[in-house]
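Below is one structure, written out as structure tokens, with a few remarks after it.
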Amino acid sequence: MNAEPIPLSALPRPTVPPLIERLLEHPAAQPVSEAGLDDFLAQPGEAVLFLWAQPARYPEVLDVAVVLPELVAQFAREGTALRIGVVDEASERALGLRYGMTRRPALIFLRDGAYVATLHGMQDWQVYVERIREILASAPSRPPSPGIAVAGPSGACH
């Protein structure tokens, strides 16, 4: 008894939460996939990649989706335009590894396509503003590598 293969179009697709869809409607936001990352990086100026997958497991991602446009507006008033790249779920793992993401949600800041810094988790408003000001004043650097646990002689990881 051979079962017919299920066509890909019939498989359930991950749903994009309404707050992420609303973020994608923001004029500064655009979807970013692994395949489209080079196009996003080729654009000049300040940018932030938003890694948001698994909102059921990491509910803070939805809070960041709400706050992010407000942060963009804050820095626009201060004279800095920030583009938002909303990374699709299918590309998040690869892009997270590329930029050393260690937890969600993650905001990866870029300047002229070069890595500057990453902010993880939901922050208080003032913490966000102060940290982003520091980031905007920082020079680009090499992205961190994801940590790899190494077992010592006792077998314990460190």
ask   = For region 3-134, with every protein chain kept in place, what is the accessible area per residue (1.4 Å probe, Å²)?
value = 54 Å²
message = Given a Förster distance of 25 Å, report the FRET efficiency between Arg57 and Leu24 from their Cβ-Cβ distance, rounded to the nearest 0.05.
response = 0.75
request  = With the Cα gyration tensor of region 98-139 in hand, convert its eigenvalues to equivalent ellipsoid semi-axes via √(5λ) and list them largest first in whole Å.
outcome  = 17, 15, 6
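The values are calculated or read from the model by the stated rules, or taken from the named source; none is laboratory data. Remember, predicted model here, so these are calculated numbers, not experimental data. Please note: Cβ atoms are built from the backbone with ideal geometry, for glycine as well, and neighbour counts cover all protein chains shown. All accessible areas refer to the heavy atoms of the entire protein, side chains included, with ligands and DNA or RNA removed. Shrake-Rupley method; radii C 1.70, N 1.55, O 1.52, S 1.80 Å.
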